[in-house]
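Okay, so here's the structure we're looking at.
Since every read-out is calculated from the coordinates, none of them should be taken as a lab result. Small disclaimer: the values here were computed from a predicted structure and weren't measured. So basically every Cβ, Gly included, is an ideal-geometry build from the backbone, and we count neighbours across all protein chains shown.
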Amino acid sequence: MADKELKVGTEIIAKVGRNEVEAVIVEINGDNIMAKSHKSGKTFRVATILKISAIPQDDPASGKAPEAAGTEAPKEKKLSLFSAAVRVLENAPRDKSCSAGELVREVVAQGLWTPGKGKTPDLTLYAAILRDIATKEFPRIVRAEQRGKFKLAREA
């Protein structure tokens with residue numbers, strides 16, 4: 001590829017090992033080109049560019065060069081079902097206890113989590129809660145007095 005086409009902010013597909021990685025160029029120092037992966041967010045040295053996807057254009061009307069890569073706002077990470085259940089219990093009254101099925105319905109109703117293709121998210125949440133209780137010294141959710149119900153572990 002011609003070096004004159006490459007600018008900071010250029011979208012590329014680079015060869016990394018035997019994988020093709022979509023990235024954006026973040027730094028050009030002579031023959032050394034550094035890019036940031038879209039998927040992992042890691043910066044790496046580019047050895048082979050397979051394709052140039054988009055070349056940033058200077059906007060003469062604004063008088064500004066294109067923004068450097070990585071200056072956009074970070075995307076908000078989606079909550080896991082377990083983390084969303086913890087958030088529901090944190091916002092619930094102090095003594096409230098819920099079953100895994102009730103927690104899933106409440107999480108979906110509040111829009112904190114959207115179900116995927118799985119048919120039994122309540123069983124998945126139930127297993128995650130039991131795993132948290134068994135493996136953590138201070139679990140976030142604990143068993144309630146009633147069988148099959150859970151409540152938020154609060155400091156005494």
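Ranking Phe44, Phe138 by Cβ neighbours within 10 Å, fewest first, what do you get?
Fewest-to-most ranking of Phe44, Phe138: Phe138, Phe44.
Are there GluC sites (Glu not before Pro) in segment 78-156 that DSSP marks as loop and that have at most 12 other Cβ atoms within 10 Å, and which are they?
Those satisfying the criteria are Glu137, Glu145, Glu155.
Considering amide H positions built from the backbone, and no H for Pro or chain starts, which residues 5 or more places from Ser80, or on another chain, come under 5 Å of its amide H?
none
With +1 on each Lys and Arg Cβ and -1 on each Asp and Glu Cβ, how big is the dipole of segment 3-54 about its Cα centre, in debye rounded to the nearest 20?
The dipole magnitude comes to about 200 debye.
Along segment 136-151, what does the Karplus equation 6.51 cos²θ - 1.76 cosθ + 1.60 (θ = phi - 60°) give for ³J(HN,Hα), rounded to whole Hz, x for Gly and Pro?
In residue order, the calculated couplings are 9, 6, 10, x, 7, 10, 10, 6, 8, 5, 7, 5, x, 10, 10, 9 Hz.
Amide H to amide H, which residues 5 or more places from Lys149 or on other chains are under 5 Å from it, using H placed in the peptide plane?
Ala144
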